[in-house]
Every structure is written in C-alpha cells, then in structure tokens.
Amino acid sequence: MTPSVSPARTAVLGNQDLLTLIFSDFILDPIIHESFDYQLVSTDRARRQLLHLATTCKTFKEPALDCLWNCLPSLLPIMKLLPNLQVKEKGRGYDTYYFHGPIPRGSEFFKYASRSQPPNSMAVVSKAPLFSGQCLPLVAQQSRSLKHLYIESGDTIPPSVLDSIALLEGLERLDIRMPKCTGILPEALAELGKALKKLTSLTLDLHFPTHQVHAVSPHFDEDVAHLELFPSLSNVNVIARCGEQVCQCTPSFLLSRVNSLKLILSRTVDDPDYFLPIVDACRQHQPSGLRRLEIGDDGRTSSGCNLAAISPFLKHLPITELELTLRGRIECNGKGLRPLIDAAFSGCLASDQETAPNTLRSISIEWDKSNFIVGPDSLLYTAAHGVGLERLSVGVDIDGVEDFLDGVGDAIFQPTTLRYLAIGNRSSFGVKTYVDAARFLDLLFPQLVAITPFRGDSGKTLYWNNQCWLNFVEYFRQIYQMERISSAR
C-alpha cells in the first residue's frame, strides 16, 4: 500500500522558489554579524551545509546550488568551470591558471555564472605574483558591490595594489596585511581615503622603507590637512612592526583615529624609552581614541620586553585593554605587575605631576611562553592599587599564600573591582594550600565572578587537565564567597 503524501508537503517540495528562500537562511547576514573573522568561518560552514543539501535529493539540488553559487568566497570556483582551463606552475605554494579558446554557450560556466553574484565579502591570502597585476584589478572592475575585503600577503607586492582597491568605492571594511609591501607612499593612502567614502573599519599592516612617514614625505601632513579622508571611518586597527627602531608608519590623519594598536617585535626591548616616539605621536592627537594595545613577536624570534617600556602607554593614553603574547622573557625587575599598575592608576603616582588616565580594565599576559609568573604579593598590590581593573589573565604562583592571609584586611583600603581572573601554573600543592589560596582570592577580590584557566592564543582551554588544582581553588572560593555573603545579611 503506497503511503499517502500530504498536499502541504507536495506544495512545499514542489515549489523551487520557496525552497530557495528557505535554503538562503543558511547564508550569513553580514549586517547582523559584523565580525569579519566570524563571517569567514560562518560562510564556509554555510557552504558545506548547502553542499550537503544539494546532494540529499533531486528536489533539493537546484535550490541549494542557487544559494551555494550566491555565497562564493571568490571568483575561482566559476573560473574553474571554463573549458580548456589549464593549471600551470603548480607546487610553488599557489596555482596559476591559464585559459585559451572560446566559451561555448552551453558550457557549465554560463550555466552557473548566471546564478552567481559577486560576493559581499572576499578574503585573499596571496603568494602569487599575478595577484596584484591581473586578479585584483579584475575583481575591482567586476565586483564594485564588494563591501568587505581582506588581503594578506607575505611576499613583495607592487604599490599599484592600492589603485585597484580605490575602485571599490562601496567598501565598508578593509583589512590589508602586506608587511613586505614597503614601496607604498603615504600619498597613496591619502588617495585611498578620498575614494573610500563609505569605509567604516580599516586594518593596516603596511610599511614605508624607513618606517617613518616624514622621512618618505616630509610635508605630507601639511598637504593633506585640508582634505576629508575616510569621512565615515570609525574603527582603525594598526599593526606596527618594530625592530632596531620603533615603527612610525601611520600617517597623522589616521593616527588620530586609531582604536587598536598591535606592536610586533623582532627583538627584545629593554630600553624603557623605546616606545616613546609612538606614545608622543598619539598624545599629539587628543583626545586619543587608542583603547587596545597588544604586543607580540614576529613568530621567528622569541622577543621579550621590559614592563617599564610599556608603562608610558598606560600612563599617558586611555588604554582599556592590554595583551602581551610574547614568547621571550618579560622583565619586571622583581616587581610583578607593579610597573603596569603604577603607570595605569593615578593613586600610585603621588610623586608625579601627571596622573594616569585610570582607564585600564583588562590585562592579559601569556605566561606559558614568557614564563611570567606573579606571586601573592603582586596580586595583593594589584587589589590594593588597581581599582578599576576588571579582568586579569596571568600566571600565578600560590606558594606561601598562607603568609599573606592575615595582612589582607590592612592592605585593602578601598573596594576592589576585579570580576574575572584567569590563572595558570605548572606546580602542584597540598590541599591546605589550595584552601588558603581560595580564601586569599576571595578576600582580595570579593566581587569575583569566576576563576578560570588561562586561555592560550589558540583559543583553546589550556592547562586545565594538568592543573585540576584550579577546580579545588574555585570550589572553595565559591564556598567562602557564599559564607561571606550570608553572614553579611
């Protein structure tokens, strides 16, 4: 006996337009999700899901393919449908494609090219010399509706790449990471600023031969002072690469709007005045928009840094978030976090005529690579003087914590503000030490929401399985916290 099929089911499965509309919900809406990295991951997941739908049954095939061709990551899938396409120069980290001959009207290329639309977002990680000379100009001419563009290259690329980007007048987000493209002049950035009037977010990893704007174009600031460049720009992220001298490749018209600064070191910084040129340049543009500071290395060298060199950023600029991801030694001269706390919070600068902006809310120091570990005394100092700090991620040694328990009440003379603490440690201790550490942390940070294991730069939870002592500390801390709250009622 043949099972009956409901009329509603037949109406839905027989309506190709309705199925296409349903399947289009798998495609990410860039208006809702503004994170460019999130868009790349989610769009890739959506394409895989649409592929599975297209291979489920004949009814789903065409609607799913229509949606799939509408969320292309690049133009390459369509180009691969060209007849007589040949791949040459393979095995050099990239493939070079050549096409010769006519395109028959009945070819798969015409069939699917008519379904596709130029992608709103495009990521290009290029090592190919043909990229800047042919591919990017073609994309710029044919994809004027492109809104988000990410370009990364570890090779030398001609400065003309900016000329092609300037044709994409509808761009809203632009991320350029080409550290070896040192032939670009500041004037080219100004021309880009004239063309991209809708751009709201800009990330730059571009550099001049001498790492100084004025050495390349001495009168550049005066020449562009009257121009309206990037009129819609609200978010600027700059990557500065520092070697023997500090990198100063950001023009003044952009420096005044920088929100996030990432310093990549190729050497260890011991000089406390090393970063002063950048700090002074930012201070000239008040109010400064710089809020996030990250310092890491170039991946080839284990660069370190003296915390005294970072202090001027915290002392003179409204930094709210500091992150250190260095693999080399982080020097604090035996003072733990004190150099950062003293610089960031005005209560510790009684001998200084200038007061710190008191804006720092988050400190994260990659402890496992740099072996930067603080003791109970440094946490006590942070609680007493870092009022305003809300998040702290650092390596902690709890050995001897029982010696500090009795002095907590006398040291903390104002309410602490820390709410989230992420810690890491390789050592193991007895149960009494864990209990003492839990009580110590509850007394130090009564507003603490949670203690979590330190997260590495890969985003995965590290050190948790090998450090189950954190389970004990957090468990007992919560007990102490509940008892304290109950007794206060």
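General remarks:
- At the residue level, GLU228 shows approximately 140 square angstrom of accessible surface with a 1.4 angstrom probe and all protein chains present.
- Annotation: amide H-H contacts under 5 Å for VAL269 (H modelled 1.01 Å from N, sequence separation of 5 or more, or interchain): GLY304, CYS305, ASN306.
- Here the spin labels are modelled as points 7 Å beyond Cα on the Cα-Cβ line, and at LEU167 and ASP17 they lie 3.6 nm apart.
- Summarised as an ellipsoid, region 285-345 has semi-axes of 21, 16, 8 Å, derived from the eigenvalues of the Cα gyration tensor scaled by 5 and square-rooted, with the largest first.
- For SER364, the amide hydrogen comes within under 5 Å of the amide hydrogens of LEU322, GLU323, LEU324, SER393, counting only partners 5 or more places away or on other chains and with H modelled in the peptide plane.
- For VAL374, nonlocal amide neighbours, meaning residues 5 or more places apart or on other chains whose placed amide H falls under 5 Å from its own, are GLY395, VAL396, ASP397.
- Computed lengthening from GLU321 to SER232, 0.36 nm per intervening residue step minus Cα-Cα distance: 29.6 nm
- Cβ-Cβ distance of SER486 and ARG361, R₀ of 30 Å, FRET efficiency by 1/(1 + (r/R0)^6): the value works out to about 0.50.
- FRET efficiency estimate (nearest 0.05) - Cβ-Cβ, ASP298 to CYS57, R0 56 angstrom: 0.65
- Using a cut-off of 20 Å between Cα atoms, the listed pairs LYS197/LYS262; LYS198/LYS262; LYS147/LYS194 include LYS197/LYS262; LYS198/LYS262 as exceeding that distance.
- Taking region 139-180 and dividing mean pair separation by its residue count, relative contact order in percent (alpha carbons under 8 Å, at least six apart): 59 percent
- Computed lengthening from LEU185 to VAL431, 0.36 nm per intervening residue step minus Cα-Cα distance: 82.4 nm
- Between ALA450 and LEU81, the modelled labels are 4.6 nm apart [label points 7 Å from Cα along Cα→Cβ].
- Of TRP69, TRP469, the residue with the largest accessible area leads and the full order is TRP69, TRP469 (1.4 Å probe).
The values are calculated or read from the model by the stated rules, or taken from the named source; none is laboratory data. All values reported here derive from a predicted model rather than from experimental measurement. In this analysis, Cβ positions are derived from the backbone assuming ideal geometry, glycine residues included, and neighbour counts consider all displayed protein chains. Heavy atoms of the whole protein, side chains included, go into the accessibility calculation; ligands, DNA and RNA do not. Shrake-Rupley method; radii C 1.70, N 1.55, O 1.52, S 1.80 Å.
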